[in-house]
Amino acid sequence: MAVKVAVIYYSATGNVYKLAQAIEEGAREAGAETRLKKVRELAPDEAIKSNQGWHDHVMATQDVPEVELDDLEWADAYIFGTPTRYGNVSAQLKQFLDTTGGLWFQGKLADKVVGGFTSAQNANGGQESTLISMYNVFMHWGSIIVPTGYTSDEIFAAGGNPYGVSSTDPTDGSGPNEQELAAARYQGRRIADKARALTGSRV
Ligand SMILES: Cc1cc2nc3c(=O)[nH]c(=O)nc-3n(C[C@H](O)[C@H](O)[C@H](O)COP(=O)(O)O)c2cc1C
């Protein structure tokens, strides 16, 4: 049976979404069954409409399904993505993470492989602190965190972030570059491979 990988993300202006698509592609290349899900938008309409890129992205991704807690039960592995928000996880993704208390209490989140990815405007804009903040949650879940490390040339070529895949926003709407997308596909393959190796070892 194929290993099951859920790619769960929040994206306002599309950068994280493009990374999420590449990660899903990589997981599929590695033979995984995948689900690509967004978390619910929480920002008021006025805020979204005040930013053309944000508004366009919301409209363009209407058909991406919203994540449900069932997706976490279904998956053997998760990869979570968020834009960097002042060096931290976006409120939208955090809000979803904060709805997982029931599953956590039942032990249903433990022993699953997990990774994270992010995008920030600046090369040193807090990508690593965002990923570490996200990983705090996964430690509480008892997840098996699989960072990218320096395990492949794709990671070096994309800027060398060993904590997880990250991109630097080109701010012209073009999104992550080819090297960053290649690193994202690699992360998808890596998480799927490690999840396959560990599936069956869960208690
Ligand atoms: C409220 C807010 C806070 C942000 N904080 C940071 C930051 O700390 N460092 C940084 O480099 N970029 C920061 N950014 C920029 C975004 O992280 C960046 O544009 C990212 O690529 C957006 O991803 P998205 O297109 O998936 O929404 C911030 C943006 C907003 C709106």
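What pairs can you find where one residue is in segment 121-147 and closer than 19 Å to R190 by Cβ, the other is of a type in the set (A, V, I, L, M, F, W, C) and within 16 Å of the ligand (Cβ to nearest atom), and their Cβ atoms are less than 7 Å apart, with a gap of 6+ or different chains?
Matching pairs, first to second residue: Q127/A120; M134/F80; M134/V89.
(1) surrounded by fewer than 21 Cβ atoms within 10 Å (Cβ to Cβ); (2) modelled with pLDDT of 95 or more: which one isn't true of R190, the others all being true?
Among (1) surrounded by fewer than 21 Cβ atoms within 10 Å (Cβ to Cβ); (2) modelled with pLDDT of 95 or more, R190 violates only (1).
Is it true that G87 is closer than 18 Å to Q21 by Cβ and within 15 Å of the ligand (Cβ to nearest atom)? Working first, answer last.
On the way: closer than 18 Å to Q21 by Cβ: no; within 15 Å of the ligand (Cβ to nearest atom): yes.
Against the criterion (closer than 18 Å to Q21 by Cβ and within 15 Å of the ligand (Cβ to nearest atom)), G87 does not qualify.
How about segment 117-150: which of its residues are β-branched (V, I, T) and either closer than 12 Å to S167 by Cβ or within 16 Å of the ligand (Cβ to nearest atom) (or both)?
Here is the first cut: in segment 117-150, the ones β-branched (V, I, T) are 118, 130, 132, 137, 144-146, 148.
Those that are β-branched (V, I, T) and either closer than 12 Å to S167 by Cβ or within 16 Å of the ligand (Cβ to nearest atom) (or both): T118, T130, I132.
Out of segment 165-187, which residues are surrounded by fewer than 18 Cβ atoms within 10 Å (Cβ to Cβ) and either within 16 Å of the ligand (Cβ to nearest atom) or more than 12 Å from E154 (Cα to Cα) (or both)? Let's see the steps before the verdict.
So in segment 165-187, the residues surrounded by fewer than 18 Cβ atoms within 10 Å (Cβ to Cβ) come out as 170-174, 177-179.
Scanning segment 165-187 gives P170, T171, D172, G173, S174, N177, Q179.
Being in contact with a Lys or Arg (Cβ under 8 Å, 6 or more places away or on another chain) and among the aliphatic types (A, V, I, L, M) is the filter; apply it to segment 30-44 and report the residue that is farthest from Y186 (Cα to Cα).
Top of the filtered list is A32.
Each row is one residue, and each column tells you yes or no for (1) on the phi > 0 side of the Ramachandran plot; (2) within 15 Å of the ligand (Cβ to nearest atom); (3) touching a residue at least 24 places away in the same chain (Cβ under 8 Å).
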residue: A12; (1), (2), (3): no, yes, yes
residue: E33; (1), (2), (3): no, no, yes
residue: A47; (1), (2), (3): no, yes, no
residue: N51; (1), (2), (3): no, yes, yes
residue: W54; (1), (2), (3): no, yes, yes
residue: L72; (1), (2), (3): no, no, yes
residue: Q92; (1), (2), (3): no, yes, yes
residue: T99; (1), (2), (3): no, no, yes
residue: G115; (1), (2), (3): no, no, yes
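The values are calculated or read from the model by the stated rules, or taken from the named source; none is laboratory data. All values reported here derive from a predicted model rather than from experimental measurement. Don't worry about glycine lacking a Cβ; one is built from the backbone with ideal geometry, like all the others, and counts go over all protein chains shown.
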